[in-house]
Structure formats: C-alpha cells, structure tokens
Amino acid sequence: MRGTRPTPRPSRVRARGAAIAAFVALAPLLPAAAAAAGTLKVDTALPYVCTLPSGQQPVTVRITAAFPERATAGEEIRPTDVTTTVELPAAAVADLTALKAATVRAETRLAVDAAQGGRHTEAAWSGTAQPVGVPAEGPLALTTTGDAPSLTTDTAGDLVLTAGALAVALAPSTADGAATAPASLSLTCVPGPDAEGGTPLATIPVGTDAPTTEPGPPPTPSTGPSSPVPSSGLPLPSLSSDRTPTAGPGTASGTSGAPTDPRADRPEGEGRTADGPDAPGTPETRPAAPPCLTEKPTPMSMSAYITGYSNVRKLNGANIIPVSCVLVEQGQPEFVMKPDGSIHLLTPSRGTLSYQGRKQTPPFKATFLTFGFAPTTATLVLEQTGPMTIDSDVLIVFPDNLSDTYVRVPLVLRVLDLKVNGTPLDVGPSCRTEKPLTSPEPDPAKYPGDHLVLLGKGKLVNGTDAVGYLLSSGGPLTGEVTIPAFKGCGTKGESLDRLLTASISGPGNHVKQIQGQACNVGVEEPTMDNCTEDLQPRKVPKPER
C-alpha cells in the first residue's frame, strides 16, 4: 500500500486508516465469579417438548444467567455466566445407545425474545459442552456454556427477556472415539403446552438515570448496532449471525451428516469467489478463512484477518494462533501539536473479534510436552472480555512519517479438552484462566486493568510503499504476555487447576501477531484487490515466528 502524504486530509485518513487487533496464545470465557452488587441472577427450569428420533418427548431445560439489575437507555446489557442444561429423558438415551454411542458432545442455540413496550427483537444464546458418557439407561443431563449477545435500547421501560425455541445438536461417538452413523442428531425443542408464548427469564428496568454496572465497549457494526429494528424501535442484539435455531447449531439440517463448513452453504461471493486464480482481470481468489462479514457497516468500518505465534516460555515452544476475523470501527483522526513542537496525527479505533457471532478466535489445537516429557494436546479458544482499543500515533516529519499503533484487548484463555500422553482428561465446561492475560502497560493510569498489549511500528515514506505495521495495510504486532493461573478445570471432585497452572502459567511469553491488509467495508468504492465481492477481507496473512 502506498504511503500517505506528510499532511493527509482528514477525509482521506478516515477512509484509509484503520486498525486491527491481535492477541495471544491459548483462550476462554470470562471466569465464573460471584455476582457483585447490582446483579440479577436467573436460575429457572422450563418445560419443553423436543422432537427426538423416537418421537416427541417432554424435556426439562434449566437456564442460568446473570444480568444487571437495572440499566440506562443506551447502555449495553450483556448476559454473563450463561448455561443451558438439557435434561434428556430415558427415550433419548435409548436413541443414543442404539447408535452404540459411548460419549456425546452437545451444542445448543436458544432463541431469546427481547421485548419492550410492544417492540420485539430476537437474540440467540449459543453454548457448547465437553463430551460426556452415555449411560446404559435413564436420563442424561447435558450442560452447555457460551457467550450471549448484548442488547441496547434507546428508550426507558422494562426490558423483558423470554426463552423461545431451542435447537440441540448432538455429536455421539463410539467407545473407540469414532463417529456414529449418523454422525450427528439435531433436536428441535419448543416451549411446553403451558408456556406456548415462551417463559420470561428476566425483567430489567431501563431508565434514563439508572445506576450502571461496568461499561462495555461502544456498539460497533458487528457487536451492537444502534439503529432500530424496522417498525420496532428496539435495537438489534450484538449478533453477527441471524441464522434461526431450527437447523441445529453447527450442523446441517436433519439427523444425519457431520458438522458443515460455514462457507459451504453460502452463495457465490460470501467468503468465496467464482473466479479461478487464472481468470483474467480479476483479483486472486481468497485462501480458505473463517467468515468475516460486517453486518451494518458505516463509512468508518474496516475488517481484517490476523494470525501469528505465541511462545509458551515454560514449555519452551511456540503455539500458532489461528486465522481470526477482527471487525474495526475507526474513530475520528485528529492533528495534535505536542509541547516539543512535533505534529502528530492521532486516530483511536475500536475492534471486535468475530467468530460465529462470538467475540473470540476459532478453536485451535496446541501440542506441547508437559514438564518436558509428557506429550499433551489441548483444544483452546481466546475470548475477548472487554473493549479492544486501537490507538494510532503518526509523527509527521520529513521525509518519513513514523507510526506507532498500540492494540489493547482483555483476553481469557479457555481449555475445551485435554489429552496427556493420549489419555483424555475431563477439564469440565468452565476451565479457563482466572483473569485476562496481562502485558506490561506503558500508560497504566489511562489504561488500567488486565489486558494484552501489542505494538506495531511503521514508516510512511512519501511516494513509496509503507514499511512495518500500519492501520490499513497491516503488518507485525509484538508484545509480551503473562498467562494467569487456571481455575474451574476438572470434574467429579478432581481438580486439574494446579496441573495446568504449573505447566503453562507464567510471565515472559512473546507474541508476534500478523495482520493482513484491511478491507474498507463502508466506503462507496471499496478496493477489490483488498475485498471480496461481499466485502470480506481478501488478504489472509501467514503466521511468522
């Protein structure tokens, strides 16, 4: 990408500049913590009717979550500590044993109606669970945990959340770990006859001067649009996917077939192109990458892919961070003259990780030697637990413009499954670092709290290509991170917290993140060398050590 001129016009800067994010090695949900004052806890058992292979059966669904007791109009309302427990009856267990299933993994997708003063919108609460053993007979309880999208409303009045249809996807496996035939079962569940209109989960008073809990990031096109739903006036939830739950999360419709590629059922242009690499006059085909769509772009919206490596100092090895989507909303650039007479162009931005409607990376595998001799494989995910800030500072000097970009983001590391020397260890549904990953912070007074810090340095020479990292063209970002202790790992009274903490946690872990060329999603004429036809990033970076 060509460098900007020493004194760029703000309008061009807004269209070009943009920042992207980065992060670190291993990943999870927010730690389960006791609710502080001002928190409304929900724990309710609801009657449902599920369509099983053996027919319709009554099922009890238990939902737990925590909400702010009150909110202010315009404030983000985010459910936390969300779990969904589906208590399958004996008939469902018989369906699984008929397939010779020894274990089963569950995913859930619950439709939640948000209503205020006659206006409605719908959110989807998704959850996943670790594999559990299938009993020979009797009931089976499957508990999933996951993230729930936030909601905002610009008007005062009670916001009522109601549980609606529930989709349950089951992936059974035989005793030797092979998939059964069929490889998956999709169950469609609806509220029971006594709750045909759904069952209220929570009522949250929204006022104009209500006390607030800890504020979340301002809405971005992917995490919480502020524009109202047509004819309703109630803003949409922070959801990057509006798939309905009837087909089952992560699976194809029906009761057979393995989980599908999220790009496979998209029309041409959505994450793939019809043109081959040799088609004349067309940009090169984008390599395989997760979907990275901006739901409601503004002129300041950008998106990019990131990937990289993170060293784990205790294990004397590096772990790859998968290709992940970051959605960015750039702020207004501002020229500032410092006391020493230097002129700086400052641009603040906000970013959001995006994967299947959640603020996280895709799940990824990590393989290492625990204590130097035991081969260990884990499935991990990095989850964003607060605002991602991207601050660009371009020093306007002749002949070079020097750029420093700081990316700050709180990330927790969640362990989904674990094998040591080939033996599976049940980490349970809540295995994660007890707090976000931390880095040395150069400005702790302005940026308090635990978070990852990455720095990208670049140079813009007038009339030549940019060098290093820039907001719009990407490049390397680096940092050091401390991995906190783990908590919530293990089941049935057996704790794996100390094992994971002793083998992984600690300071001095180097991170090198590579960001690809950004796609300017919201401009009138996007550069198609950088964007696909459906305005996803075309450039997919490769990790560098």
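Listed here are the residues, each with its yes/no results for (1) of a type in the set (S, T, N, Q); (2) in contact (Cβ under 8 Å) with a residue 60 or more places away in the chain; (3) under 30 Å from LEU500 (Cα atoms).
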residue: PRO290; (1), (2), (3): no, yes, yes
residue: GLU295; (1), (2), (3): no, yes, no
residue: SER303; (1), (2), (3): yes, yes, no
residue: ILE306; (1), (2), (3): no, yes, yes
residue: VAL326; (1), (2), (3): no, yes, yes
residue: LYS338; (1), (2), (3): no, no, no
Going through region 436-469 one residue at a time, which ones are open to solvent by less than 60 Å² (accessible area, probe 1.4 Å), over 22 Å from HIS510 (Cβ atoms) and in contact with a strand residue (DSSP E or B) (Cβ under 6 Å, 6 or more places away or on another chain)? LEU460, VAL461, ALA466
Within region 205-221, can one find any residue that is modelled with pLDDT of 60 or more, surrounded by 19 or more Cβ atoms within 10 Å (Cβ to Cβ), in a strand (DSSP E or B) and β-branched (Val, Ile, Thr)? yes
Is there any pair linking a residue in region 52-76 that is assigned to a strand (DSSP E or B) to one that is basic (Lys, Arg), with Cβ under 8 Å and at least six apart or on different chains, and which? THR64/LYS41; ALA65/LYS41; ALA66/LYS41
The one condition in (1) surrounded by fewer than 20 Cβ atoms within 10 Å (Cβ to Cβ); (2) touching a Lys or Arg at 6+ places or on another chain (Cβ under 8 Å); (3) modelled with pLDDT of 90 or more that GLY516 fails to fulfil: (1)
Condition met for ALA124 (over 19 Å from the mean Cα position of the chain (by Cα), surrounded by 17 or more Cβ atoms within 10 Å (Cβ to Cβ) and within 24 Å of GLY157 (Cα to Cα)): no
Of all the residues that make up region 48-72, how many are surrounded by fewer than 15 Cβ atoms within 10 Å (Cβ to Cβ) and at pLDDT 90 or above? 0
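Quick check: is even one residue across region 172-182 touching a residue at least 60 places away in the same chain (Cβ under 8 Å), part of a strand (DSSP E or B), open to solvent by 50 Å² or more (accessible area, probe 1.4 Å) and under 30 Å from VAL415 (Cβ atoms)? If you could, list the steps in order and put the result at the bottom.
Initial filter on region 172-182 (touching a residue at least 60 places away in the same chain (Cβ under 8 Å)): 172-175, 179-182.
From what's left, part of a strand (DSSP E or B): 172-173, 179.
From the residues that got through so far, the ones that are open to solvent by 50 Å² or more (accessible area, probe 1.4 Å) too are 179.
Keeping just the survivors that are under 30 Å from VAL415 (Cβ atoms) gives 179.
Taking every residue of region 172-182 in turn, at least one turns out to be touching a residue at least 60 places away in the same chain (Cβ under 8 Å), part of a strand (DSSP E or B), open to solvent by 50 Å² or more (accessible area, probe 1.4 Å) and under 30 Å from VAL415 (Cβ atoms).
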Going through region 105-121 one residue at a time, which ones are within 26 Å of ASP176 (Cα to Cα) and either buried (at least 23 other Cβ atoms within 10 Å of the Cβ) or without any contact (Cβ under 8 Å) to a residue 40 or more places away in the chain (or both)? ALA106, GLU107, THR108
Restricting attention to region 395-435, report how many residues are under 16 Å from the mean Cα position of the chain (by Cα), surrounded by fewer than 22 Cβ atoms within 10 Å (Cβ to Cβ) and farther than 30 Å from VAL104 by Cα. 1
Which of the numbered conditions does CYS489 fail, given that it passes all the others? Conditions: (1) open to solvent by less than 10 Å² (accessible area, probe 1.4 Å); (2) closer than 25 Å to PRO543 by Cβ. (2)
Starting from residues that are modelled with pLDDT of 85 or more and closer than 19 Å to ALA111 by Cα, keep the ones in region 144-159 and report whichever is nearest to the chain's Cα centre (by Cα). THR145
Can you go through GLU137, GLU122, GLU107 and tell me which one is outside any strand (DSSP E or B) and either modelled with pLDDT under 85 or not basic (Lys, Arg) (or both)? GLU137
Could you list, in sequence order, the residues of region 406-428 that are at pLDDT below 95 and more than 17 Å from LEU382 (Cβ to Cβ)? LYS419, VAL420, ASN421, GLY422, THR423, PRO424, LEU425, ASP426, GLY428
Taking only region 150-167 into account, find how many residues are at negative phi and open to solvent by 10 Å² or more (accessible area, probe 1.4 Å). 10
For PRO348, indicate whether it is open to solvent by 40 Å² or more (accessible area, probe 1.4 Å), touching a residue at least 24 places away in the same chain (Cβ under 8 Å), within 25 Å of THR478 (Cβ to Cβ) and part of a strand (DSSP E or B). yes
Exactly one condition in (1) under 18 Å from CYS325 (Cβ atoms); (2) touching a Gly at 6+ places or on another chain (Cβ under 9 Å); (3) open to solvent by less than 30 Å² (accessible area, probe 1.4 Å) is false for VAL481; which is it? (1)
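State yes or no: is ALA101 in a loop (DSSP other than H, G, I, E, B), farther than 14 Å from LEU201 by Cβ and over 25 Å from the mean Cα position of the chain (by Cα)? Break it down into steps so the answer makes sense when it comes.
On the way: in a loop (DSSP other than H, G, I, E, B): yes; farther than 14 Å from LEU201 by Cβ: yes; over 25 Å from the mean Cα position of the chain (by Cα): yes.
Here the answer is yes, as ALA101 does meet what is asked.
The values are calculated or read from the model by the stated rules, or taken from the named source; none is laboratory data. As the structure is a computational prediction, the values presented were derived from the model and not from experiment. Here the Cβ is made from the backbone with ideal geometry for all residues, glycine too, and neighbour counts use every protein chain on show. Heads up: the accessible areas ignore ligands, DNA and RNA and are worked out on the full protein's heavy atoms, side chains in. Shrake-Rupley method; radii C 1.70, N 1.55, O 1.52, S 1.80 Å.
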